[in-house]
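Written below as structure tokens is the structure these notes are about.
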Amino acid sequence: MKPFTYERAADTQAAIGAVTGRPNAKFIAGGTNLIDLMKLQIETPAHLVDVNHLPLAKIEEADGGLRIGALVRNSSLAADRRVRERYPVLSEALLAGASGQLRNKATTAGNLLQRTRCVYFYNRDMPCNKREPGSGCSALEGVNRMNAILGGSASCIAVHPSDMAVAMSVLDARVETLSAGGEARSIPLADFHVLPGEKPEEETQLRPGELITAVTLPPPPKGGQAYRKVRDRASYAFALVSVAVAGDRIALGGVAPKPWRATRAETALQSGASPVEAAESELAGAQGHGPNDFKIPLARRMILRTLAQSTEMARA
Amino acid sequence: MADKNASADHTRIELEVNGHEQALTVDPRTTLLDALREHLRLTGSKKGCDHGQCGACTVLVNGMRIVSCLTFAVMHEGDEITTIEGLGEPGQLHPLQAAFVAHDGFQCGYCTSGQICSAVGMLDEHRKGWPSHATPDVAATAIALSDAEIRERMSGNLCRCAAYPNILAAIKDAGGLP
């Protein structure tokens with residue numbers, strides 16, 4: 001691991017100032033992804049600003065919905081009574097991710113900012129445009145069983161690995177941030193992550209030193225909610241394909257560089273199309289790369305099954 | 001802001017481990033696991049993968065189970081850390097330690113400290129009413145700790161000897177489950 005300096009931030013503005021004013025400085029919260037990447041020298045920050053003691057760990061009622069502090073741990077969020085009753089899709093998605101130990105450490109904001117688990121991003125002996133811009137993408141013609149079928153580019157087909165963010169996407173969440181000088185932004189989650197295009201090293205809209213302070217959820221939509229995940233083992237594995245449904249909204253995980261809101265399928269359903277037609281309209285533009293071709297029919301079946309499950313939940 | 005904690009080299013910290021304040025000087029890169037094993041000589045917590053995938057390094061921080069390999073020691077000043085050494089000792093075993101012995105919940109024993117610390121945290125999470133991926137309805141108010149629930153909740157602890165049936169039996173016994 002490369003050497004770094006460390007400080008514990010006393011307050012939010014001081015934390016933002018400490019990262020904004022210093023090259024190659026990073027916030028650290030749960031650290032479960034960042035420290036792993038530091039051990040592999042994929043992340044090499046020169047300075048870490050520990051934000052764990054900032055007052056951003058509350059879940060509060062806000063405008064008929066919830067405001068989830070950036071430091072709320074994944075396990076606390078999944079166990080929150082209000083989330084379990086009003087946003088069960090979010091609880092289910094969180095509980096489908098990682099392990100008990102990791103969920104106790106991982107935070108709401110950190111989960112959104114975790115990096116891809118593409119095997120080439122992790123392998124420093126192989127080209128990867130995300131890790132080393134301009135070096136090439138090894139996944140396009142390599143081991144891409146876990147990689148994207150939607151939203152990828154000729155530069156990168158890595159997927160965003162979060163379960164939580166897929167549920168937040170279907171719930172129309174927004175990401176609240178603060179920057180130096182006190183500038184606050186509220187960014188729709190749908191726009192928060194950016195597609196790779198020619199710059200896969202850029203993953204979110206965040207500016208240097210900008211700190212996520214909370215994620216807000218509007219009141220839940222009418223209708224049932226459900227989260228389904230298919231993975232290579234029964235527990236503690238990343239999604240091959242996951243689907244979140246809330247009312248008449250659909251989002252997909254494990255298939256794209258960002259939590260993928262299935263707007264084409266939603267539009268089709270609203271105009272009277274059958275679930276099969278809706279799923280096919282979403283996947284019409286999907287592109288497999290050989291080993292991950294199976295994700296296209298799997299995603300179609302998962303959309304249908306999750307829609308049916310959500311309808312059953314609404315009846316129950 | 002005050003930069004007194006910042007250092008390019010070594011930092012002096014105090015950790016509360018198993019009820020005792022311990023002063024140590026560490027490079028900020030030192031994980032909590034390495035601080036416990038290499039600085040404090042508490043070698044009960046094991047280093048398996050060192051990447052948060054196996055659970056052998058599981059300890060309790062403020063009562064919550066975490067993997068100690070994916071956190072830095074400098075981040076834990078002011079926290080209460082409990083390792084396997086703090087749960088019990090020969091002649092005075094923690095109920096989970098005794099149950100692992102009684103049910104032969106291991107072969108090589110390398111994962112056992114992590115399994116036991118994880119099970120302590122897991123049973124506490126269940127007592128608080130937390131749901132899991134194995135819970136049919138996450139909004140349920142009473143969740144029975146079935147075999148499927150225990151297996152799911154313990155999935156962050158791997159046992160290469162595959163002593164899982166006996167680990168399950170030990171946890172059920174110590175947890176007072178039928």
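Computed quantities for the displayed model
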{"quantity": "Over chain B: helical MRE at 222 nm, DSSP H runs n ≥ 4 each giving -39500 (n - 2.57), nearest 500", "calculated": "-7500 deg cm²/dmol"}
{"quantity": "Stokes-Einstein D (µm²/s) once Rh is taken as the Kirkwood radius of chain B over alpha-carbon pairs, at 25 °C in 0.890 mPa s", "calculated": "143"}
{"quantity": "Among A:H193, B:L40, A:V89 - extreme Cα towards positive end, dipole of the protein assembly as shown, charges at beta-carbon", "calculated": "A:V89"}
{"quantity": "Spin-label model distance (nm) - A:T311 vs A:Q287, 7 Å beyond Cα toward Cβ", "calculated": "3.4"}
{"quantity": "The protein assembly as shown, dipole about Cα centre (Lys/Arg Cβ +1, Asp/Glu Cβ -1), debye to the nearest 20", "calculated": "820"}
{"quantity": "Distance in nm between pseudo-label sites at B:D79 and B:R12 (7 Å out along the Cβ direction from Cα)", "calculated": "2.3"}
{"quantity": "Spin-label model distance (nm) - B:A102 vs B:D124, 7 Å beyond Cα toward Cβ", "calculated": "2.2"}
{"quantity": "Heavy-atom accessible area, 1.4 Å probe, ligands and nucleic acids excluded: residues of the stretch A:45-90 down by at least 30 Å² from chain alone", "calculated": "A:A79, A:R81, A:R84"}
{"quantity": "Accessible area of the stretch B:1-147 belonging to carbon and sulfur atoms, whole % at 1.4 Å probe", "calculated": "48"}
{"quantity": "Share of carbon and sulfur in the accessible heavy-atom surface of the stretch A:1-146 [1.4 Å probe, %]", "calculated": "51"}
{"quantity": "Residues of the stretch A:21-35 with amide N under 18 Å of a point placed 7 Å along Cα→Cβ from A:A10", "calculated": "A:21"}
{"quantity": "26 Å Cα-Cα threshold exceeded, pairs from A:K105/A:K258; A:K39/A:K229; A:K2/A:K105", "calculated": "A:K39/A:K229"}
{"quantity": "More than 15 angstrom apart: percent of Cα pairs within the stretch A:20-109", "calculated": "64"}
{"quantity": "Spatially proximal aspartates and glutamates relative to A:K26 (Cα-Cα < 14 Å; intrachain offsets below 8 disregarded)", "calculated": "A:E7, A:E43, A:D50, A:E210"}
{"quantity": "Hits among aspartates and glutamates - C-alpha to C-alpha of A:K199 under 14 Å, sequence gap 8 or more where chains match", "calculated": "A:E132"}
{"quantity": "Quotient of Cα Rg and 2.2 N^0.38 Å for the stretch A:227-316, N being how many residues it contains", "calculated": "1.05"}
{"quantity": "1.4 Å probe accessible area per residue over the stretch B:67-178, in Å²", "calculated": "43"}
{"quantity": "Calculated FRET value between A:E183 and A:R145, using beta carbons and R₀ = 45 Å, to 0.05", "calculated": "0.60"}
{"quantity": "Computed FRET value (nearest 0.05) for B:E89 with B:T25, which takes r as the C-beta separation and R₀ as 25 Å", "calculated": "0.35"}
{"quantity": "Bins of 5 Å from zero: percent of alpha-carbon pairs in the stretch A:118-178", "calculated": "4, 18, 23, 18, 12, 13, 10, 2, 0"}
{"quantity": "Furthest towards positive pole of dipole, B:G176, A:G142, A:G65, structure part the protein assembly as shown, Cβ charges", "calculated": "A:G142"}
{"quantity": "Accessible area buried at the B-A interface, both sides summed, 1.4 Å probe (Å², nearest 100)", "calculated": "3700"}
{"quantity": "Residues of the stretch A:1-16 buried by at least 40 Å² on assembly (accessible area, 1.4 Å probe, chain alone as reference)", "calculated": "A:M1, A:F4, A:T5, A:Y6, A:E7, A:R8"}
{"quantity": "Along each principal axis, Cα extent of the stretch A:34-82, largest first, Å", "calculated": "43, 19, 16"}
{"quantity": "Per-residue [θ]222 nm for chain A (sum of -39500 (n - 2.57) over DSSP H runs n ≥ 4, rounded to 500)", "calculated": "-8000 deg cm²/dmol"}
{"quantity": "Unit charges at the beta carbon, dipole of the protein assembly as shown: most positive-side option, B:A162, B:G52, A:A15", "calculated": "B:A162"}
{"quantity": "Descending principal axes extents, the protein assembly as shown, alpha-carbon based, whole Å", "calculated": "70, 58, 48"}
{"quantity": "Residues in the stretch A:185-220 reached by a label modelled at A:D63 [backbone nitrogen below 11 Å; 7 Å Cα→Cβ]", "calculated": "A:186-188, A:216-219"}
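The values are calculated or read from the model by the stated rules, or taken from the named source; none is laboratory data. Just so you know, these numbers come straight off a predicted model, no measurement behind them. Cβ: placed from backbone, ideal geometry, glycine included. Neighbour counts: every protein chain shown. We work out accessible area using only protein heavy atoms, side chains counted, and drop any ligands, DNA or RNA first. Shrake-Rupley method; radii C 1.70, N 1.55, O 1.52, S 1.80 Å.
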